[in-house]
Amino acid sequence: MYRHIYKEEPKFPTEYPTCCLLGCVNVTDCLFQEQFMEQYPQIGEESTSSFVFICSNPQELVVKFPMKGKHKIWKLESQSHRSAKKCLMQPA
């Protein structure tokens, strides 16, 4: 699918961490699928969800926090949130 959308082979990691918090992003917008396809026609095929989150400022955690996710959107426990904020990598 990505080759079709981006017209080249994207670089993907050889393995992905599972069951852990990796980092954070700023959610700058939430669009209906139709709005997303209109505003981002070059990558509109990437998502088939009813809603698409537009994110910015991705930050990786120095230490990955083991945790089990939940289906859909859920609130991160306060203690996990405080600990994770302390472990964000500083921008270069």
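The values are calculated or read from the model by the stated rules, or taken from the named source; none is laboratory data. Please read these numbers as outputs of a predicted model, since none were measured by experiment. Glycine gets a Cβ as well: all are built from the backbone with ideal geometry, and neighbour counts include every protein chain shown. Remember, those area values only see protein heavy atoms, side chains included, never the ligands or the DNA or RNA. Shrake-Rupley method; radii C 1.70, N 1.55, O 1.52, S 1.80 Å.
Of all residues in segment 24-52, those being of a type in the set (Val, Ile, Thr), outside any loop (DSSP other than H, G, I, E, B) and either touching a residue at least 60 places away in the same chain (Cβ under 8 Å) or out of contact with any Cys (no Cβ under 7 Å at 6 or more places or on another chain) (or both) number 1. When we screen Cys30, Cys19, Cys24 for residues that are open to solvent by 70 Å² or more (accessible area, probe 1.4 Å) and closer than 30 Å to Ser83 by Cβ, the only hit is Cys19. If Leu21 satisfies every condition in (1) outside any strand (DSSP E or B); (2) touching a Ser or Thr at 6+ places or on another chain (Cβ under 8 Å); (3) not basic (Lys, Arg) but one, which is the exception? Status for Leu21: all satisfied but (1).
Cys55 - would you say it is out of contact with any Phe, Trp or Tyr (no Cβ under 6 Å at 6 or more places or on another chain), of a type outside the set (A, V, I, L, M), surrounded by 10 or more Cβ atoms within 10 Å (Cβ to Cβ) and in contact (Cβ under 8 Å) with a residue 60 or more places away in the chain? For Cys55, the condition - out of contact with any Phe, Trp or Tyr (no Cβ under 6 Å at 6 or more places or on another chain), of a type outside the set (A, V, I, L, M), surrounded by 10 or more Cβ atoms within 10 Å (Cβ to Cβ) and in contact (Cβ under 8 Å) with a residue 60 or more places away in the chain - is not met.
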